[in-house]
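The structure appears below as C-alpha cells.
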Amino acid sequence: MTGQFTQDAPETECLLDSMRQDVIGKPLVRIDALAKATGTATYAAEYPVKDCLEGVLVTAPFARGRITGIDIDTCLACDGVVAVIDNEKLIARCAQGTAGEAPVQEVRKVAYWGQPFALVVAETFEQARDASKHLKITIQDDDLSDIPCDPQAVEPENQQYSSQGDLPHAMTEAPHSVDAKFTTAGHASAAMEPHAAIAQWDGQTLTVHASLQMLNYNISELADAVGLEENQVRIVSRFVGGGFGSKLGISAETVAASLAAMQLKRPVRVAMSRQQVFQCVMRRSETSQRMRLAAGKDGTLQGFGHEALVSNLPDEQFAEPVLQSSEFLYAGDNRLLTLDLARVHRMTAGSVRAPGEAVGMPTLEVAMDMLAEACSIDPVELRLKNIPDRHPMKGTPFSSHKLAECLQQGAEAFGWDSGLRKPRQRREGEWWIGTGMASAARVHNIAKAKARVTLNPDGTALVESDMTDLGTGTYTILGQIAGEMLGLDPSNVLVDLGDTRLPRGPGSGGSWGAASIASAVYVACKAIREKLTKYANVTEGELNLKDGGVEGGASFAQLLGDKELREEGHYEPGDIEDDYVAAGFGAYFAEVRVNAFTGETRVNRMTGAFGFGRVLNERTARSQCQGGMVWSIGAALTEALHFDPRDGHLVNCDLAEYHVPVNRDVPELEVIMVEERDPAASPIQAKGIGELGMCGGAAAIANAIYNACGARVRDFPITPDRVV
Ligand code: MOS
C-alpha cells in the first residue's frame with residue numbers, strides 16, 4: 001500500500017501541529033552516537049569480508065597528456081601481487097564527472113595531476129602499495145609550459161548572464177557605491193572518513209560496501225560504470241563519516257574495487273589514502289568576483305552587480321553557482337549577474353558544502369559592509385532596509401522569510417552595538433578587538449523520496465529507506481517523525497537505512513535530505529493512521545495515539561491482532577518550486593582579535609541566528625548550524641587548496657597542510673533557531689539546514705577583522721600575511 005503526496009500548493013495544515021509534539025523537535029541524542037564514538041559503527045572499509053584482496057590506486061604524475069603504454073611486468077612480479085587492473089572502464093570512470101552524469105574525460109587521456117589510471121591488487125595492502133610504485137608508464141605529456149592551470153590565464157565560457165535595468169548608469173548616479181574585487185580559494189571537502197569500498201561479486205550480483213551520499217543514483221552510476229543492470233547491483237552505506245559533496249557521485253575507489261572483484265572473482269577492498277582523496281576526488285573551485293553596489297543616501301539599494309569567474313576541467317558541466325543567493329537576497333532595480341567558467345587542468349570541480357553560497361555570500365556580505373560604511377549606516381540596518389518583498393527579478397513571492405527576525409534576534413543575543421562603527425577603536429595588549437556581521441541565505445531544495453513504515457502490533461515500528469546518514473542525524477529524526485505520528489517512544493522505532501534494497505530515498509545532498517525523507521516517512525505514517533482510524537472506528541481528528549495504542553483505549557495489539565500495518569510513503573516536490581522562492585535565511589555576528597604585530601586572527605565568539613522552517617531535532621539542527629559556522633571560520637582564515645603553477649599538482653593534500661579549524665580555533669558558537677513554519681517548503685514545513693550555517697559566515701569574520709584593525713582584506717582566506 002502506498003501513500004502519495006505531490007506538493008503543488010502550500011500545505012497549510014500539517015498533522016504534526018495537532019499532535020502532542022513530545023518527540024518531534026526534541027534534542028534527542030543521535031541513536032548512532034555511541035557506536036560512532038566508541039568505534040563500533042562499521043564504516044565502508046571495515047566490513048568483515050573473508051578472503052578480501054587489497055587494491056591500491058595508481059595516479060598520473062602529470063597534469064595533461066596521454067598514457068601511451070603501461071608496463072605491468074615488474075609490478076606483477078612483486079610479492080603478493082594478484083593483478084593490475086588497467087582496463088578502459090576504470091580509466092574512463094576515474095575521471096569523476098558531475099555527480100549523476102556520465103564521465104566525459106577520454107580514456108587514457110590525463111586531464112589533471114593525480115588522475116587514477118590503474119589499480120594494483122595484492123594479498124595485503126602493504127604489498128599492493130609497494131608494488132604500485134613499480135608500475136611503469138610511458139607518457140606523452142603536453143608541453144608543461146602550456147598547461148592552463150590558472151583560471152585567469154584562459155578565455156572563459158559564459159555560463160550565466162542576467163541583467164535588468166542599467167547597472168553602470170545606477171553606479172554613476174548613486175550617491176554611494178561600492179565596486180570591489182574579491183578572490184576565494186578552492187576548498188576540499190575533507191570528510192573525516194576517507195573514500196573506501198569493498199566489492200563482492202557472486203557471478204550474479206555485485207555487492208559494494210561504500211561510503212556514499214546518494215545511493216538512489218549511485219546505483220545507476222555504478223551499474224553503468226561496470227556494465228551491469230541496476231538490479232544486479234547492491235550498494236550498502238550504513239555509516240558515512242561525512243561527505244560534504246565529495247561522496248555525491250561514485251569515485252575511483254568504488255569503480256576500481258567493483259571491476260577488480262568481477263575480474264578476479266574475489267572480494268576486493270580499495271581504500272584511498274588521505275592524499276588521494278585530496279588529489280583526485282573533487283574540489284571546490286577557486287573564484288574571482290566583482291561586486292558592485294549602488295545605493296541612495298539612505299542606503300536603499302538601486303544597483304546590484306555580481307560577476308564571478310570559476311573553473312573546472314574541460315567538458316565538465318558543473319560551475320560553482322556563486323550567484324545563487326545574489327539573485328534574491330537584496331532589492332535593487334538595476335541588476336547584473338554573470339558567471340564565467342575557465343577550463344583548467346586541475347582535478348574536477350564539484351559540489352562542496354554549500355556550493356555557490358559558501359563563496360558567493362562572503363564577498364557579497366563584505367561588499368555590504370563596505371556600503372554600510374560608505375553610507376554611514378549600521379550594517380544590520382542596511383540589510384533590514386534592503387530585504388525585498390518578492391524575488392527582485394522574477395517577481396515570485398517568498399515561501400517564508402525570516403531574515404529580519406534573524407538579524408534582530410542575532411543582534412540582540414550577541415549584544416551588537418549599533419552605534420557608529422570605526423576601525424581600530426579597541427585594543428587589549430597586542431590585540432585589536434573588533435566585531436562584524438553578515439547575512440546568511442541558501443536556496444531550499446527538496447527531492448523525491450520514498451520510505452516504508454511498518455507498525456507492529458507489539459507497539460514497535462520499522463522505518464526503511466536507502467537514505468544515508470552522513471553523521472547528520474537522519475536515523476534519529478526519522479525515528480522521531482514516526483514516533484510522533486504513531487504515538488511511539490522513538491526507542492521503539494527501528495530505522496534501517498543505507499541499502500539500495502530498500503525504497504529509494506532522496507540521498508543526502510543539497511541540504512534536502514532531512515526535509516525530503518522525513519516528508520516521505522510522514523506520508524507513510526499518515527497512511528497508517530488512516531487505516532488505524534478504521535480499526536478504532538474514529539475520525540483522524542479523534543485519533544490520539546500514545547504508548548503503543550490509542551490513548552486511554554485499545555493497544556495496537558488489541559486493534560490489529562497479529563497483523564502489522566505497512567505503508568510506503570511517496571513524496572514528490574511537484575511544481576511548487578516554480579511558484580515560490582524558498583530559501584533559508586540567517587545572520588552571523590562575530591567578535592575577533594587580531595594581533596597587531598603578526599596579523600593572526602582568533603575568533604573570540606560567534607552567534608548565528610537561522611530560520612529554516614520546522615526544527616526536527618533541536619540538537620542535530622544546532623550541530624548542523626555549528627558545523628557550518630566552524631567551516632565559516634576555516635573559509636575565512638585558513639582553508640585553501642594550493643596548486644603548483646609549474647605542473648598543476650595539488651601541493652597541500654592532507655590535513656596537516658590543508659588547515660581546517662581545530663578545537664582551539666573554535667570558540668563557543670551560539671545558535672539561535674528562529675521559529676518558522678514553511679508550508680510551501682515541504683509537507684512537514686521544514687526547510688534545508690545542512691549548508692545554511694556556512695553561507696556568509698566568513699564575511700562576519702572578515703568584517704570583524706576590518707573593524708578591529710582597519711585591514712579590508714578581499715582575498716579569502718584572510719591569512720596573517722594579508723592582514724599586516
Ligand atoms: Mo552537498 S555539497 O550537496 O553534500
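The values are calculated or read from the model by the stated rules, or taken from the named source; none is laboratory data. Bear in mind that the values here come from a model prediction, so they are computed numbers and not experimental data. Note that we place each Cβ from the backbone using ideal geometry, even for glycine, and neighbour counts take in every protein chain shown.
Taken over the range 579-604, the residue count meeting the criterion of being within 28 Å of D678 (Cα to Cα), of a type in the set (S, T, Y) and in contact with a helix residue (DSSP H, G or I) (Cβ under 7 Å, 6 or more places away or on another chain) is 1.
In a residue-by-residue description of the range 248-268, the property of being free of Cβ contacts under 8 Å to residues at least 60 places away in the same chain and buried (at least 24 other Cβ atoms within 10 Å of the Cβ) applies to at least one position. Given the criteria farther than 30 Å from D17 by Cβ, in the same structural domain as F398 (by TED's automatic domain parsing), free of Cβ contacts under 8 Å to residues at least 60 places away in the same chain and not in a helix (DSSP H, G or I), does E657 qualify? Taking the combined requirement at face value, the residue satisfies it. Among the residues of the range 534-553, those that are surrounded by 13 or more Cβ atoms within 10 Å (Cβ to Cβ) and not charged (D, E, K, R) comprise Y535, A536, V538, L543, N544, L545, G548, G549, V550, G553.
Among all residues of the range 348-360, there is none that is away from the ligand (no atom under 16 Å from the Cβ), acidic (D, E) and modelled with pLDDT of 95 or more.
Annotation note: of G509, G429, G513, G498, the sole residue that is more than 30 Å from H401 (Cβ to Cβ), out of contact with any helix residue (DSSP H, G or I) (no Cβ under 6 Å at 6 or more places or on another chain) and within 16 Å of the ligand (Cβ to nearest atom) is G498.
Yes or no: the range 444-452 includes at least one residue that is among the small types (G, A, S) and either farther than 20 Å from Y217 by Cβ or away from the ligand (no atom under 16 Å from the Cβ) (or both). There is at least one residue in the range 444-452 that is among the small types (G, A, S) and either farther than 20 Å from Y217 by Cβ or away from the ligand (no atom under 16 Å from the Cβ) (or both).
Would a scan of the range 41-55 turn up a residue that is outside the structural domain of A199 (by TED's automatic domain parsing), under 29 Å from the mean Cα position of the chain (by Cα) and more than 28 Å from D224 (Cα to Cα)? Within the range 41-55, one or more residues are outside the structural domain of A199 (by TED's automatic domain parsing), under 29 Å from the mean Cα position of the chain (by Cα) and more than 28 Å from D224 (Cα to Cα). Considering the conditions (1) among the charged types (D, E, K, R); (2) touching a Gly at 6+ places or on another chain (Cβ under 6 Å); (3) assigned to a strand (DSSP E or B), D678 is excluded by exactly one of them, (3).
Exactly one residue among R383, R421 is over 28 Å from the mean Cα position of the chain (by Cα), under 27 Å from R593 (Cβ atoms) and assigned by TED's automatic domain parsing to the domain that holds E675, and that residue is R421. Selection of the range 302-321 for residues being part of a strand (DSSP E or B), more than 16 Å from the ligand (Cβ to nearest atom) and in contact (Cβ under 8 Å) with a residue 40 or more places away in the chain yields Q302, G303, F304, G305, H306, A308, L309, S311. On the given criteria, is V29 closer than 16 Å to A482 by Cα, hydrophobic (A, V, I, L, M, F, W, C) and either at pLDDT 95 or above or not assigned by TED's automatic domain parsing to the domain that holds G242 (or both)? Judged against the criteria, V29 is not a match.
Could you tell me whether P490 is within 16 Å of the ligand (Cβ to nearest atom), under 30 Å from K36 (Cβ atoms) and touching a residue at least 60 places away in the same chain (Cβ under 8 Å)? Spelling it out, it is not the case that P490 is within 16 Å of the ligand (Cβ to nearest atom), under 30 Å from K36 (Cβ atoms) and touching a residue at least 60 places away in the same chain (Cβ under 8 Å).
Residues that are among the charged types (D, E, K, R) and under 18 Å from S516 (Cβ atoms) within the range 457-498 comprise E464, D466, D469, E484, D496, listed in sequence order. Counting residues in the range 321-341 that are more than 15 Å from I387 (Cα to Cα) and small (G, A, S) gives zero. Can you pull out every residue in the range 496-522 that is outside any loop (DSSP other than H, G, I, E, B) and surrounded by 24 or more Cβ atoms within 10 Å (Cβ to Cβ)? G513, A514, A515, S516, I517, A518, S519, A520, V521, Y522 - these are the residues of the range 496-522 that are outside any loop (DSSP other than H, G, I, E, B) and surrounded by 24 or more Cβ atoms within 10 Å (Cβ to Cβ). All conditions but one from (1) over 17 Å from the mean Cα position of the chain (by Cα); (2) surrounded by fewer than 19 Cβ atoms within 10 Å (Cβ to Cβ); (3) closer than 30 Å to P717 by Cβ apply to D202; the one that does not is (3). Taking the range 166-191, which residues are over 27 Å from A702 (Cβ atoms) and surrounded by fewer than 15 Cβ atoms within 10 Å (Cβ to Cβ)? Selection gives H169, T172, E173.
Determine whether the range 322-338 contains at least one residue that is more than 16 Å from the ligand (Cβ to nearest atom) and among the β-branched types (V, I, T). Checked the range 322-338: at least one residue is more than 16 Å from the ligand (Cβ to nearest atom) and among the β-branched types (V, I, T). For beta carbons closer than 7 Å, sequence separation of 6+ or different chains, a first residue in the range 626-638 that is among the aromatic types (F, W, Y) and a second that is modelled with pLDDT of 95 or more, the qualifying pairs are W631/R353; W631/M694. For the range 620-651, residues that are among the basic types (K, R) and in contact with a helix residue (DSSP H, G or I) (Cβ under 8 Å, 6 or more places away or on another chain) total 1.
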